[in-house]
Amino acid sequence: MADHYEVLGVSREASDEEIKKAYRKLARQLHPDVNPSPDAAEKFKDVTHAYDVLSDPEQRRRYDMGGDDAFGGGGFGGFGDIFETFFGAAGGGRAGRPRDRRQRGEDALVRLTLELGDIVFGVHRDIEVDTAVLCETCQGSCCQPGTHPERCDICGGSGHVRTQVRSLLGNMVTTQPCGSCQGFGTVIPHPCPTCHGHGRVRARRTVSVDIPAGVESGLRLQLPGSGEVGEAGGPNGDLYLQVEIAPHPVFGREGDDLTAVVEVAMTDAILGTNVTVDGLDGPVDLELRPGVQSGDELRIEGRGITGLRSKRRGDLRVGVRVVTPTKLDAKTRSLVEELARRQKAPAPRLSEHHQGLFAKLRDRFRG
């Protein structure tokens, strides 16, 4: 098999543009629609195959290292091409329509960390996204302003070329994507200098989004049409926001309920008291009845998180932890001893419950 560089008439150091120009020149001379001779058809097949190999960086690298570039070295690009050779492109012997330059853009994923207070009622966020956007210079045409795509003179705008190959069954005609226009049917002689003929550029843009109340860590929110713009100004993909809820130093969450622990002095637990604490959405009044115990739960209805689907607010559940003083002055200790004598409390004993009150409280409100 002839050397691919010799077939195209270029040096082994030729650039991609030089290889492309050489192929287009030879293809104009040898295309079966222009030159019907059998020799021209055979040369056109060799020229096309040489270009297919040398225009692909990986195939060219393997070829330069002395590796095989095709199945059997005879111009077949694998089993798919073998089937096309014997049965024709698309199974019917006729080339399909040219490829559309406008392609749908890729989806994008952004991780978004929210505070627990953000999800009580929902929150608005302006998110900075690094993505592909429409080229403002060419507006997706891929062309330098004032120019436009031109019909490929190799395939005549069909996006495919026909080649005749010899096989055990005789001369066969096969169609394959045009190597000059890459199957688009048109070429861009003057690419846009800003996007280099892609119709899009990388840029940072701002996406405004309303995060609904009640979202949970791991949830993905889909924003249709807010992803990357496609090649040649094609439609945008989608943007997905993966939500993570940052831990809060005071409040936890169980479903749509908020949880917290209030520390109560021993005297307040004995006598009872009213206290106001700061909630995520404003002050919360707590009423501690006399004799409240560690592990007791106070429930304030409607002060939790607004449900994602129900739109009903959960509750605020506050666990009580009675704090026993560790240091007493003489007078205070005397008063406590007097209280103990008056109360005549029973001696300490093991509880019948295997789980202690503090462990129960911790498990209940660990979230």
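Observations
- Those residues of the range 214-249 whose amide nitrogen sits under 15 Å from the label point placed on Q103, 7 Å along Cα→Cβ: 228-237
- Tail beyond 12 Å, pair distance distribution of the range 4-65 (Cα, percent): 64
- Residues with amide H under 5 Å from that of A265, placed H, sequence gap 5 or more: V323
- Rounded to the nearest 20 debye, the dipole magnitude of the range 251-366 is 280 debye, with +1 charges on Lys and Arg beta carbons, -1 on Asp and Glu beta carbons, and the Cα centre as origin.
- Per-residue accessible area (protein heavy atoms, 1.4 Å probe) orders E150, E136, E106 as E136, E106, E150, starting from the largest.
- Using the Cβ-Cβ distance between V173 and R202 with R0 set to 45 Å, the FRET efficiency from 1/(1 + (r/R0)^6) comes to roughly 0.55.
- Rg of the Cα atoms in the range 182-246, relative to 2.2 N^0.38 Å, amounts to 1.62.
- Proximity of backbone amide H atoms, modeled 1.01 Å from N, is registered between G279 and V284 at under 5 Å, excluding neighbours fewer than 5 places apart on the same chain.
- Close amide H pairs (under 5 Å, H built 1.01 Å from N) link G157 with C152, residues at least 5 positions away or on another chain.
- Bins of 5 Å, starting at 0 and running to the largest distance - Cα pair percent for the range 251-366: 2, 10, 16, 18, 18, 13, 9, 6, 4, 2, 1, 0
- Across the options I305, T324, Q293, the greatest Cα extent toward the positive end of the charge dipole of the range 292-353 (unit charges at beta carbon of Lys, Arg, Asp, Glu) belongs to I305.
- Descending principal axes extents, the range 128-235, alpha-carbon based, whole Å: 70, 40, 15
- Computed label-point distance, nm, for sites T326 and I127 using a 7 Å Cα→Cβ extension: 4.6
- Given +1 at the Cβ of Lys and Arg, -1 at the Cβ of Asp and Glu and no other charges, the dipole of the range 4-65 around its Cα centre is 120 debye to the nearest 20.
The values are calculated or read from the model by the stated rules, or taken from the named source; none is laboratory data. Not measured: the values here are computed from a predicted model. With ideal geometry, Cβ positions are generated from the backbone for all residues, glycine too; neighbour counts draw on all protein chains shown. Just the protein is used for accessible areas: all its heavy atoms, side chains included, with ligands, DNA and RNA removed. Shrake-Rupley method; radii C 1.70, N 1.55, O 1.52, S 1.80 Å.
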